[in-house]
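Read-outs: derived from the displayed coordinates by stated rules, not from any lab. Note that the structure is a prediction, hence the values are computed from the model and not measured. With ideal geometry, Cβ positions are generated from the backbone for all residues, glycine too; neighbour counts draw on all protein chains shown.
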């Protein structure tokens, strides 16, 4: 089963990334959220996906720390 899940994600990863990378549908929420935080907040990306939201937070001024070991 674990191999089936990995295979599925391997098959859809590029298509999903291409669709989501330039999709700014959450950008208004991201900007609203970051305005609630201190200036230059630190964001910890624990490797729970491709990192698009932490990338967007970084583009809005957050400092991004990445941990892909989990």
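Structural remarks
- Likely footprinting exposure, 45, 24, fewest C-beta neighbours within 10 Å first: 24, 45
- Using the rule -39500 (n - 2.57) for each DSSP H run of four or more residues, divided by the residues of the chain, the 222 nm mean residue ellipticity is -16000 deg cm²/dmol.
- For the pair residue 7 and residue 64, a Förster radius of 25 Å applied to the C-beta separation gives a FRET efficiency near 0.25, rounded to the nearest 0.05.
- Kirkwood hydrodynamic radius of the chain, from inverse mean 1/r over distinct Cα pairs, in Å: 13.6 Å
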